[in-house]
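Novice: Provided herewith is a single structure, encoded as structure tokens, for subsequent inquiry.
Nothing in this text is a laboratory measurement; each read-out follows from the coordinates by a stated rule. Note that the structure is a prediction, hence the values are computed from the model and not measured. Methodologically, a virtual Cβ is constructed for each residue, glycine included, from the backbone with ideal geometry; neighbour enumeration extends over all protein chains shown.
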Amino acid sequence: MGRFGRAGVALMLALSLGALARGAAAAEGQMTLAVHITVAPRWLDPGETESAITPFMVLYAIHDALVKPMPAGPLTPSLAESWSMSPDGLAYDFVLRPARFHHGDPVTAEDVKFSFERFRGGAAALLKDKVREIKVLDARRVRFVLRDAWPDFMTFYGTTATGSGWVVPKKYVERVGDDGFKKAPVGAGPYRFVSFNPGVELVLEAFDGYWRKPPSVKRVVIRNIPDETTRAAALKRGEVDVAYNLSGSVAEDIRRTPGLAITARRSNAVFFLDFLEQWDPKSPWADRRVRLAASTAVDRKAINDAEFLGFAGITGNIVPRHMEFALPIDPPPFDPGRARRLLAEAGYPNGFDSGDLTPNPPYFSMAEAIAGNLGAVGIRLRIRTLERAAFLTAWREKKLRGVLLAAQGAGGNAATRIEGVATRGGLYAYGVLPEVEDLFQRQARELDRKKREELLHQIQRLLAERVVFAPIWENAPINGVGPRVEEAALTLVAAYPYTAPFEELRLKSR
């Protein structure tokens, strides 16, 4: 190495050590995040990540991925300092940066291979089918070899579409086992695990050895406060610094309170009605006219104004408009008269009893408003509420019945969104249109971007025309922020609804 090369390395090393020392010295104080759900133990383990956005509120803190959505973009190199695709599209090479897990072991290519192979969450079957083998080239280089060229590999692997790219320490997991790992997870993220009291709180402490930058907030507490008014009251009293997921009059009250603020931005999440029993020919929901009546009966604008202060985006598609390959589709206009006529044409002039309406927790008041709209035209439903983790389990295990007020917030593109709810391998698909399955398999093999876009547009048109779902809106969660917070990191990662990156959290100087 020449004189200038040695000098450059020395300067970079000095700057890095100086930044590390300054960052470590600055780490102080505690920030408390009041979350709207109860954190599930399985969300501490990337290997079980569902096709949902909720687990990432924990993953971004404790763990890290080779590539993940960051402020710089949706596919930002993280534990991988670089990645490349072979000219034939059959191999992806990743070069790991020097990084360490919280217990001191280096992050290696063996950990990457192990983490992918043990992944059993959303889209796991699809990923395992597409990846032929993983080659460890050396400690810092790993190669994924595909069976066939698959243009969506990085979308499934490197975004929040799945948790397959998040890395755990192989030796530690093998030593403590899966259950032991959930009780005391070790990651490579900006915060290390301190304690977890299920149903109460998760306590994390800054990891000064984080490769990107040492956090400036010493301790982060993720407190479970499912009741919205209780979360807001805790924020007003200064007991918490950030309150997730406020709505309606509660959010308006926080906005008007001096010293407090709200943030709201469209996310990847789309809320939609899923008519779970439409696949049973004996069910009223098997008739397209009944499903269209339900969609027509929902007053989307009124509910948006009441629940989200108008921030949400009304839509007729399960794929949000900003996503790659999305097809803009408007919902049917609110028209109770037309809804009643459609029901009469389908043979239900007096409506019918439709069993449960199960909402994605904690959006219970939204479900009540929708149930009121449907009841007004004769579709009678009773609200059934579950805790978030139990809801996701029941949905995934196909145990729910009736109508579901569902939400899908994982990132990716139109293909990753469709895969989860409308294909045979989809974690949350209760039934599948054969035409959609055929088009989905074709687009997965199509390397021409324009042709692939048209295939995905065909799928979205089919789902809309057949009224497989009744999309309601693109979510815009409202979060409250307290006076001690300089940076809550709630709007740094595009279309992501929670805090990230955690290392950007900052408290105001005293």
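Novice: Using every alpha carbon pair in region 376-437, what percent of pairs falls into each 5 Å bin from 0 up to the bin containing the largest distance?
Specialist: Bins of 5 Å from zero give 3, 14, 24, 21, 18, 12, 7, 1 percent of pairs.
Novice: While we're here: Can you list the equivalent-ellipsoid semi-axes of region 165-221, largest first and in whole Å, using the square root of 5 times each Cα gyration tensor eigenvalue?
Specialist: 20, 17, 8
Novice: Here's another thing I want to ask about it. How large is ³J(HN,Hα), in whole Hz, for each residue of region 142-150 in order, when computed from phi with the Karplus curve 6.51 cos²θ - 1.76 cosθ + 1.60 and θ = phi - 60°, using x for Gly and Pro?
Specialist: Result, rounded to whole Hz: 9, 10, 9, 10, 8, 6, 9, 4, 9.
Novice: I've got another one for you. What does the convex hull of the alpha-carbon atoms of region 42-149 project to on average, in nm²?
Specialist: If you wrap the Cα atoms of region 42-149 in a convex hull and average its projections, you get 7.1 nm².
Novice: Mind checking the alpha-carbon convex hull of the chain and giving the volume per residue in Å³?
Specialist: So the per-residue Cα hull volume is 145 Å³.
Novice: Dividing the alpha-carbon Rg of region 362-510 by 2.2 N^0.38 Å yields what?
Specialist: Values: Rg = 19.3 Å, N = 149, 2.2 N^0.38 = 14.7 Å.
Relative to the 2.2 N^0.38 Å estimate, region 362-510 comes out at 1.31.
Novice: Still on this model: Enumerate the calculated ³J(HN,Hα) couplings along region 402-407 in order (Karplus 6.51 cos²θ - 1.76 cosθ + 1.60, θ = phi - 60°), each rounded to whole Hz, writing x wherever the residue is Gly or Pro.
Specialist: Rounded to whole hertz, the list is x, 10, 10, 8, 9, 9.
Novice: When you count, for each residue, the other Cβ atoms within 10 Å and take the mean per peptide, how do 339-352, 43-56, 171-184 rank with the highest first?
Specialist: Peptide ranking by packing, descending: 43-56, 339-352, 171-184.
Novice: Can you give me the long-range amide H partners of residue 261? Hydrogens built in the peptide plane at 1.01 Å from N, cutoff under 5 Å, separation of 5 or more residues or another chain.
Specialist: Residues meeting the amide H criterion: 481.
Novice: As a check on your grasp of the helix formula, calculate [θ] at 222 nm for the chain: sum -39500 (n - 2.57) over DSSP H runs of n ≥ 4, divide by the residue count, round to the nearest 500.
Specialist: Mean residue ellipticity, 222 nm, calculated: -10500 deg cm²/dmol.
Novice: Whole-Hz ³J(HN,Hα) for each residue in region 285-295, computed from phi via Karplus 6.51 cos²θ - 1.76 cosθ + 1.60 with θ = phi - 60°, x for glycine and proline: what do you get?
Specialist: 6, 5, 8, 4, 5, 5, 5, 5, 4, 4, 5
Novice: Taking the alpha-carbon set of region 425-468, what are its Rg and Dmax in Å?
Specialist: Considering region 425-468 through its Cα atoms, Rg and Dmax are 10.8, 31 Å.
Novice: Can you give me the angle between helix 3-26 and the longest principal axis of the chain, using Cα atoms only, in degrees from 0 to 90, rounded to the nearest 10?
Specialist: 60
Novice: Per residue, what volume in Å³ does the Cα convex hull of region 56-119 take up? Walk me through the intermediate numbers first.
Specialist: Details: hull volume 7.3 nm³, N = 64.
Cα-based convex hull of region 56-119, divided per residue, equals 115 Å³.
Novice: Follow-up. Near residue 113, which lysines are there with a Cα under 18 Å away, not counting those fewer than 8 places off in the same chain?
Specialist: Excluding near neighbours in sequence, the set is 68, 128, 130, 135, 170, 171.
Novice: From the alpha carbon gyration tensor of region 204-300, can you work out the equivalent ellipsoid semi-axes (sqrt of 5 times each eigenvalue) and give them in Å, largest to smallest?
Specialist: After scaling each eigenvalue by five and taking roots: 41, 21, 13 Å.
Novice: If I fit a long axis through the Cα atoms of helix 170-183 and take the longest principal axis of the Cα atoms of the chain, what angle between them do I get, 0 to 90°, rounded to 10?
Specialist: In the chain, helix 170-183 runs at an angle near 50 degrees to the longest axis.
Novice: Another question about this same structure. In square nanometres and to one decimal, what's the mean projected area of the convex hull around the Cα atoms of region 345-408?
Specialist: The directionally averaged projection comes out at 4.7 nm².
Novice: Which value, in debye to the nearest 20, gives the size of the charge dipole of the chain about its Cα centre, when Lys and Arg are +1 and Asp and Glu are -1 at the Cβ?
Specialist: Computed about the Cα centre, the dipole is about 720 debye.
Novice: Separate question: Place +1 on the Cβ of every Lys and Arg and -1 on the Cβ of every Asp and Glu in the chain, take the dipole about the Cα centre, and give the residue among 407, 224, 426 whose Cα lies farthest towards its positive end.
Specialist: Of the candidates, 224 comes out farthest on the positive side.
Novice: A further question follows. Please report, in whole Å³, the volume per residue of the convex hull around the C-alpha atoms of region 131-270. Could the numbers behind the result be given before it?
Specialist: Numbers: hull volume 25.5 nm³, N = 140.
Output value, Cα hull per residue: 182 Å³.
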